[in-house]
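Student: Sharing a structure, written as structure tokens. Questions coming.
What follows draws every value from the coordinates through simple rules; no lab data is involved. Please read these numbers as outputs of a predicted model, since none were measured by experiment. Cβ sites come from the backbone with ideal geometry, for glycine too, and all protein chains shown count toward neighbours.
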Amino acid sequence: MKVHAHDVGGEVIKDTDVYKIKDNKFLNNLVLSSTVLYRDMATRGHRHPGQEEVYIFVQGSGKMVVGNEDDEPFDVSGGDIVLIPDGAFHKVINSGWMNLIFNCVFDGKRNH
């Protein structure tokens with residue numbers, strides 16, 4: 001199956017004033033998820049014990065925290081890939097002037 005970085009297909013999981021999330025569950029063991037994080041918004045931050053993730057930033061710019069809640073945020077933008085270890089806290093902040101789009105690959109089922 002071929003998808004585009006700006007539209008991974010699948011079903012809408014969440015659609016709020018903060019973001020829109022879609023999950024493509026075509027594969028048996030991996031989920032390809034896309035998030036459109038709206039301007040001046042941030043994800044709430046969370047961790048997934050037993051689950052690693054790969055974030056692929058497609059468009060826009062912002063900041064991300066990976067590790068612990070009090071770790072210093074680092075810059076992210078379209079073209080960046082961030083590896084999130086098993087159980088690490090992670091949060092994305094859209095500090096740019098446009099929507100921040102990122103795709104995520106994770107194994108198993110969504111637990112957030």
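Student: Which FRET efficiency value, to the nearest 0.05, do you get for LEU30 and HIS6 by plugging their Cβ-Cβ distance into 1/(1 + (r/R0)^6) with R0 = 22 Å?
Tutor: Working: r = 19 Å, r/R0 = 0.88.
Working from the Cβ atoms, E equals 0.70.
Student: Using alpha carbon coordinates only, what is the Rg to Rh ratio of the stretch 63-112, with Rh defined as the Kirkwood radius? Each step should come with its number before you reach the end.
Tutor: Working: Rg = 11.7 Å, Rh = 12.2 Å.
When Rh is taken as the Kirkwood radius, the ratio is 0.96.
Student: Further question on the same structure: Taking the alpha-carbon set of the chain, what are its Rg and Dmax in Å?
Tutor: Calculated on Cα positions, Rg and Dmax stand at 13.1, 39 Å.
Student: Just to confirm the filter: which trypsin sites (Lys or Arg not before Pro) across the stretch 56-112 are DSSP coil and have at most 11 other Cβ within 10 angstrom of their Cβ? The partial results should precede the final answer.
Tutor: Values: sites: LYS63, LYS91, LYS109, ARG110; in loops: LYS109, ARG110.
Passing sites in the stretch 56-112 are LYS109.
Student: Which links in LYS63/LYS109; LYS22/LYS91; LYS2/LYS91; LYS20/LYS91 stretch past 24 Å when you go from one Cα to the other? Could the numbers behind the result be given before it?
Tutor: On the way: LYS63/LYS109 26 Å; LYS22/LYS91 18 Å; LYS2/LYS91 28 Å; LYS20/LYS91 15 Å.
Where the Cα-Cα span goes over 24 Å, the pairs concerned are LYS63/LYS109; LYS2/LYS91.
Student: So which GluC sites (Glu not before Pro) in the stretch 11-112 end up in coil per DSSP with only 11 or fewer other C-beta atoms within 10 Å? Present the calculation step by step, with values, prior to reporting the outcome.
Tutor: Details: sites: GLU11, GLU52, GLU53, GLU69; in loops: GLU52, GLU69.
Filter output for the stretch 11-112: GLU69.
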